[in-house]
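Enquirer: Below is one structure. I have some questions about it.
The values are calculated or read from the model by the stated rules, or taken from the named source; none is laboratory data. Keep in mind that this is a model prediction, so the values were computed, not measured. Glycine also receives a Cβ, built like all others from the backbone with ideal geometry; neighbour counts cover every protein chain displayed. Only protein heavy atoms, including side chains, enter the accessible area calculation; ligands, DNA and RNA are left aside. Shrake-Rupley method; radii C 1.70, N 1.55, O 1.52, S 1.80 Å.
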Amino acid sequence: MTLKEELYNACLKFIDNRLLTVKTTISDIQNSLQSETKSSAGDKHETGRAMLQLEREKAGHQLAEIEKQKQILQKVNIESKHNKVALGSVVKTSQSNYFIAMSAGEIIIDNTSYFAISAATPIAQLLLSKTVGDEVMFRENKFTITEVL
């Protein structure tokens, strides 16, 4: 399995775990809403239902965001070779290593750390369209691109 495949699969696993968590939360909220019975304290009951509705709405937004990230990840072609940094590139620099796909945090493969980042992040915006040997300045740190896969 190539480095890109491993990074891609780690991102896929990350998103699937988030998806499962949010779906479980939504299911729990649905169950709570259905089991909420009218008590003698009517206002308390209505407040509880309103809070559950807000939680369900928040979880729905999270679900939509996860689906959007999954769609972006599906656009990544792990077979392609890049001369310039683009979506799906693995970028090795003198400071850190990046996988431009989606924000999934740090991924460690063969004792090497890679940061899965979205193309919309500030660091990715600086890296996009750059090539090996280009220098980038980010937060007063200067680093050089050493490899683009």
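Enquirer: Counting alpha carbon pairs within less than 8 Å and at least 6 residues apart, what relative contact order, in whole percent, applies to the chain? Display every interim value, and only then the final one.
Expert: Values: 199 pairs, mean separation 32.0, N = 149.
Contact order relative to length: 21 percent.
Enquirer: Which pairs, out of Lys68/Lys142; Lys75/Lys130; Lys58/Lys130; Lys13/Lys58; Lys23/Lys142, put more than 30 Å between their alpha-carbon atoms?
Expert: Checking Cα-Cα distances, Lys68/Lys142; Lys58/Lys130; Lys23/Lys142 exceed 30 Å.
Enquirer: Pop out the ³J(HN,Hα) list for the range 81-98 in order, Karplus 6.51 cos²θ - 1.76 cosθ + 1.60 with θ = phi - 60°, rounded to Hz; leave Gly and Pro as x.
Expert: 9, 10, 8, 10, 5, 8, 4, x, 6, 9, 10, 9, 10, 5, 9, 9, 10, 10
Enquirer: While we're looking at this one, here's another question. Rolling a 1.4 angstrom probe over the protein chains, ignoring ligands and nucleic acids, what is the accessible area of Met102 in square angstrom, nearest 10?
Expert: So the heavy atoms of Met102 present about 0 Å² to solvent.
Enquirer: Which net charge results for the neighbourhood of Gly88, defined as the other residues with beta-carbon distances under 13 angstrom from its beta-carbon, given Lys and Arg at +1 and Asp and Glu at -1? Walk me through the numbers on the way to the answer.
Expert: On the way: positive: Lys4, Lys75, Lys81, Lys84; negative: Glu5, Glu79.
Result for the local shell: +2.
Enquirer: Can you list the residues, at least 5 places off or on another chain, whose amide H is less than 5 Å from the amide H of Ala119, using H built in the peptide plane?
Expert: When sequence neighbours closer than 5 places are left aside, the close amide H contacts are Ala101.
Enquirer: I've got another one for you. Compute the helix-to-body angle for 3-35: its Cα long axis versus the longest principal axis of the chain, expressed 0 to 90° and rounded to tens.
Expert: Once rounded, the angle reads 10 degrees.
Enquirer: Residue by residue through the range 63-78, what is 3J(HN,Hα) from phi via Karplus (6.51 cos²θ - 1.76 cosθ + 1.60, θ = phi - 60°)? Round to whole Hz and write x for glycine and proline.
Expert: In residue order, the calculated couplings are 4, 4, 5, 5, 4, 5, 5, 5, 5, 5, 4, 5, 7, 6, 9, 6 Hz.
Enquirer: Taking springs between alpha-carbon atoms closer than 10 angstrom, which of Arg49, Arg139, Arg18 fluctuates most in the Gaussian network model of the chain?
Expert: Top of the fluctuation ranking is Arg139.
Enquirer: If you don't mind, another one. Compare Ala120, Ala86, Ala104 in a GNM of the chain, Cα atoms joined below 10 Å, and give the one with the largest fluctuation.
Expert: Ala120
Enquirer: Looking at Gln34, Ala124, Cys11, which one has the Cα that reaches farthest to the positive end of the dipole of the chain (charges on Cβ: Lys, Arg +1; Asp, Glu -1)?
Expert: Ala124
Enquirer: Of (1) 28, 22, 14; (2) 43, 16, 12; (3) 31, 19, 13, which is the value of semi-axes √(5λ) of the Cα gyration tensor in Å derived from the coordinates here?
Expert: (2)
Enquirer: If I take all pairs of Cα atoms in the range 61-149, what percentage of them are more than 17 Å from each other?
Expert: Beyond 17 Å sits 48 percent of the P(r) for the range 61-149.
Enquirer: Ok, one more. Check Lys130: other-chain or 5+ apart residues with amide H under 5 Å from its amide H, H built from backbone geometry?
Expert: Val85
Enquirer: A follow-up question, please. Only Cα pairs within less than 10 Å get springs; with that Gaussian network setup on the chain, which residue of Gly133, Gly105, Gly48 has the largest fluctuation?
Expert: Comparing Gly133, Gly105, Gly48 in a Gaussian network model of the chain, the most mobile one is Gly48.
Enquirer: Order the following by accessible area, largest value first: Glu147, Glu46. Probe radius 1.4 Å; ligands, DNA and RNA are ignored.
Expert: Glu46, Glu147
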